[in-house]
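Q: Please see the structure below; I have some questions.
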Amino acid sequence: PPDFSSIRNYHERAVFEAVAEAGPRYPLIAVEQYPDVACVALNRLLPRYIRHEVDLAFYLTENERLENERSVKESVQFAFEFVQARTLMKARR
């Protein structure tokens, strides 16, 4: 059978790094919730599937690369705020 294990979403690594970096600014979010934050952020981004990092990087213009970075940051910020709001709502119950 074909091996599809090398296929991944280009945004995954960038989102995981952004979540880890931004996490300390959201003290109400437990580290155990970071995967939830990453899922929310990734679901807001258009998936771009690649096999190798160079596959997409080679074809992106500088403006597209900067737009990707901006989109990741915005999605991660939204995701932290979303998860934080849901956590606070649950705590009030």
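Q: Taking segment 48-80 as the search range and keeping residues that are open to solvent by 60 Å² or more (accessible area, probe 1.4 Å) and either touching a strand residue (DSSP E or B) at 6+ places or on another chain (Cβ under 6 Å) or of a type in the set (Phe, Trp, Tyr) (or both), which one is farthest from Tyr10 (Cα to Cα)?
A: The extreme case among them is Phe78.
Q: For segment 32-47, enumerate the residues that are more than 10 Å from Ala79 (Cα to Cα) and either surrounded by 18 or more Cβ atoms within 10 Å (Cβ to Cβ) or not acidic (Asp, Glu) (or both).
A: Of everything in segment 32-47, those that are more than 10 Å from Ala79 (Cα to Cα) and either surrounded by 18 or more Cβ atoms within 10 Å (Cβ to Cβ) or not acidic (Asp, Glu) (or both) turn out to be Gln33, Pro35, Leu45, Leu46, Pro47.
Q: Can I ask one more? Are any of the residues in segment 9-19 loosely packed, with under 14 Cβ neighbours inside 10 Å and touching a strand residue (DSSP E or B) at 6+ places or on another chain (Cβ under 7 Å)?
A: no
Q: Given the residues Ala57, Ala79, Ala20, Ala41, which is the only one that is at pLDDT 95 or above, within 20 Å of Ile7 (Cα to Cα) and hydrophobic (A, V, I, L, M, F, W, C)?
A: From the options Ala57, Ala79, Ala20, Ala41, the qualifying one is Ala41.
The values are calculated or read from the model by the stated rules, or taken from the named source; none is laboratory data. Keep in mind it's a predicted model, so treat the numbers as computed, not measured. Cβ: placed from backbone, ideal geometry, glycine included. Neighbour counts: every protein chain shown. Accessible surface is based on the protein model in full, side chains and every heavy atom, while ligands, DNA and RNA are left aside. Shrake-Rupley method; radii C 1.70, N 1.55, O 1.52, S 1.80 Å.
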